[in-house]
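Have a look at the structure below, then the notes.
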Amino acid sequence: MSLPTALRTGTAEPWVDDPFGRAVRAGRGPLWLRRADGSRLALEVERWCAPAAGADHGLVLRCLGLPGPVLDLGCGPGRLVAALLEAGVPALGVDVCAASVERTARLGGLALRRSVFDRLPAEGRWGGVLLADGNLGIGGDPAALLARAGALLAPGGLLLVETATQEADEVLDVRVEGPDGSGPPFRWARCGPAATLRHARPAGLEQAERWTSHDRTFLALTRS
């Protein structure tokens, strides 16, 4: 397991050394993504720290009967890992934030503290891979992230991706910001359904399903 960048270099790392970890430990915000132009997007810390609800249940339902366990990339406080385990679906979370890994463990789930681009267990054998709660933005390169997620799937597996509800295809310079300050800048991405499919196809991923629930939009992708 490789150490997070901040531990190797002593430099601050987004989602690790910024207000996100403090918000996860507290279980509440407010918290935002601050764009370079000064605008900001509210992050739903309270929803992420609460039990799975609403559209989350549709994700869990689609994981039943998959040909292997489920990997939640960017699992955050662990509500989806916990909900999958409660439904009888073996699941593992991955997150760079120690507070997220610790909170997932308190819910009875398992999570690894590492990047989604680091070596992960059982690569190519996961029945399902989740990219929920805006995690399609990880790394600011959706094509690379989708290719990585697709490579983790077992034959017949599903990649379940939450997209922006409105059509968008943008890479942003942002910071995580809380009432007590902000973290270091990093690249993030926002993609609607059409843009997500454009980024997914070079990796051999095709749409199996698209749905909207509780004002959230999702795609199920399979390897062609």
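Summary table
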item: Count - residues of the stretch 88-99 that are in a loop (DSSP other than H, G, I, E, B) and either open to solvent by 10 Å² or more (accessible area, probe 1.4 Å) or of a type in the set (A, V, I, L, M) (or both); result: 4
item: Tally, over the stretch 104-143, of residues that are of a type in the set (S, T, N, Q) and either in a loop (DSSP other than H, G, I, E, B) or closer than 17 Å to residue 219 by Cα (or both); result: 2
item: Sole residue being crowded, with 17+ Cβ neighbours inside 10 Å, in a strand (DSSP E or B) and under 16 Å from the mean Cα position of the chain (by Cα), chosen from 146, 159; result: 159
item: Flag if residue 186 is among the aromatic types (Phe, Trp, Tyr) and open to solvent by less than 20 Å² (accessible area, probe 1.4 Å); result: no
item: Condition broken by residue 85, with the remaining ones in (1) modelled with pLDDT under 95; (2) part of a helix (DSSP H, G or I) satisfied; result: (1)
item: Strands (runs of 3 or more DSSP E) (entirely within the stretch 22-76) containing at least 1 residues that are over 16 Å from the mean Cα position of the chain (by Cα); result: 32-35, 40-42
item: From the options 224, 182, residue that is touching a residue at least 24 places away in the same chain (Cβ under 8 Å) and either among the polar types (S, T, N, Q) or farther than 26 Å from residue 56 by Cβ (or both); result: 182
item: Residue count, the stretch 119-139 (criterion: touching a Pro at 6+ places or on another chain (Cβ under 7 Å) and either aromatic (Phe, Trp, Tyr) or open to solvent by 20 Å² or more (accessible area, probe 1.4 Å) (or both)); result: 1
item: Residues of the stretch 51-87 classified as of a type in the set (Lys, Arg) and either crowded, with 24+ Cβ neighbours inside 10 Å or touching a Ser or Thr at 6+ places or on another chain (Cβ under 7 Å) (or both), total; result: 1
item: Members of the stretch 57-78 found to be touching a Gly at 6+ places or on another chain (Cβ under 9 Å), farther than 20 Å from residue 223 by Cα and without any contact (Cβ under 8 Å) to a residue 60 or more places away in the chain, listed by number; result: 75, 76, 77, 78
item: Cβ-Cβ under 8 Å pairs, at least 6 apart or on other chains, the stretch 30-54 side closer than 14 Å to residue 80 by Cα and basic (Lys, Arg), far side assigned to a loop (DSSP other than H, G, I, E, B) and open to solvent by 50 Å² or more (accessible area, probe 1.4 Å); result: 47/53
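For every residue, the table says whether it meets (1) under 15 Å from residue 94 (Cα atoms); (2) out of contact with any Asp or Glu (no Cβ under 6 Å at 6 or more places or on another chain).
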residue: 107; (1), (2): yes, yes
residue: 123; (1), (2): yes, yes
residue: 156; (1), (2): no, yes
residue: 169; (1), (2): no, yes
residue: 177; (1), (2): no, yes
residue: 192; (1), (2): no, no
residue: 206; (1), (2): no, yes
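The values are calculated or read from the model by the stated rules, or taken from the named source; none is laboratory data. A quick note: this is a predicted structure, and the numbers were derived from the prediction, not measured. Neighbour counts are summed over all protein chains in view; Cβ atoms, including those assigned to glycine, are modelled from backbone coordinates with ideal geometry. The area values use the complete protein model at the heavy-atom level, side chains included, leaving out ligands, DNA and RNA. Shrake-Rupley method; radii C 1.70, N 1.55, O 1.52, S 1.80 Å.
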